[in-house]
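Peer 1: Sharing a structure with you now.
The values are calculated or read from the model by the stated rules, or taken from the named source; none is laboratory data. These numbers come from a predicted model, not from an experiment. Heads up, the Cβs are rebuilt from the backbone with ideal geometry, glycines too, and the neighbour counts pull from every protein chain shown. Only protein heavy atoms, including side chains, enter the accessible area calculation; ligands, DNA and RNA are left aside. Shrake-Rupley method; radii C 1.70, N 1.55, O 1.52, S 1.80 Å.
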Amino acid sequence: MKGHAQAQNLRDSLAEAKSDIVVKPQLGLRKCSRSFAEAQAAGFSEENGTLCDIWETISGSDLVLLLISDVAQVN
């Protein structure tokens, strides 16, 4: 999963540019997806706010980055 690293990179770039935009690394996934369990295994959790249902994440965000694997984009 590249999402966490990409969110950190965005956060760091905004800090370097002295922006007041706040980046909160949060994965939004369907709870029934295989990726939800994989995200939990990688340390993301609902308890600490880094893992949420996709619609909760979108509704509470000003900007959403949709990160899809190269393989998924081909289809």
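Peer 1: Give the accessible surface of the chain per residue, rounded to a whole number of Å², with probe radius 1.4 Å and ligands, DNA and RNA excluded.
Peer 2: With the other protein chains kept in place, the chain gives 80 Å² per residue.
Peer 1: Moving on to the next point. Round to the nearest 0.05 the FRET efficiency obtained for Glu47 and Leu14 when R0 = 25 Å and r is the Cβ-Cβ distance.
Peer 2: Computed FRET efficiency for Glu47 and Leu14 comes out at 0.45.
Peer 1: Same structure, new question: What list of ³J(HN,Hα) couplings, whole Hz, do you get for the stretch 22-31 from phi and the Karplus terms 6.51, -1.76, 1.60, once you set θ to phi - 60° and write x for glycine and proline?
Peer 2: 9, 9, 10, x, 8, 8, x, 9, 5, 4
Peer 1: Can you tell me, using C-alpha contacts under 8 Å and at least 6 residues apart, the relative contact order of the stretch 22-74 as a whole percent?
Peer 2: 37
Peer 1: Please report the net charge: other residues with Cβ closer than 15 Å to the Cβ of Gln40, K and R +1, D and E -1.
Peer 2: Charge balance near Gln40 sits at -1.
Peer 1: Gly49: net charge of surrounding residues, Cβ under 13 Å, Lys/Arg +1, Asp/Glu -1, itself excluded? Walk me through the numbers on the way to the answer.
Peer 2: Working: positive: Lys24; negative: Glu46, Glu47, Asp53, Glu56.
Every neighbour counted, the sum reads -3.
Peer 1: Related question: Over the residues of the stretch 22-74, compute the C-alpha Rg and express it relative to 2.2 N^0.38 Å. Could you put the intermediate results ahead of the total?
Peer 2: Working: Rg = 11.3 Å, N = 53, 2.2 N^0.38 = 9.9 Å.
Here the answer is 1.14, to two decimals.
Peer 1: How much of the accessible area of the chain, in percent, comes from carbon and sulfur atoms when a 1.4 Å probe is used?
Peer 2: That share works out to 53 percent.
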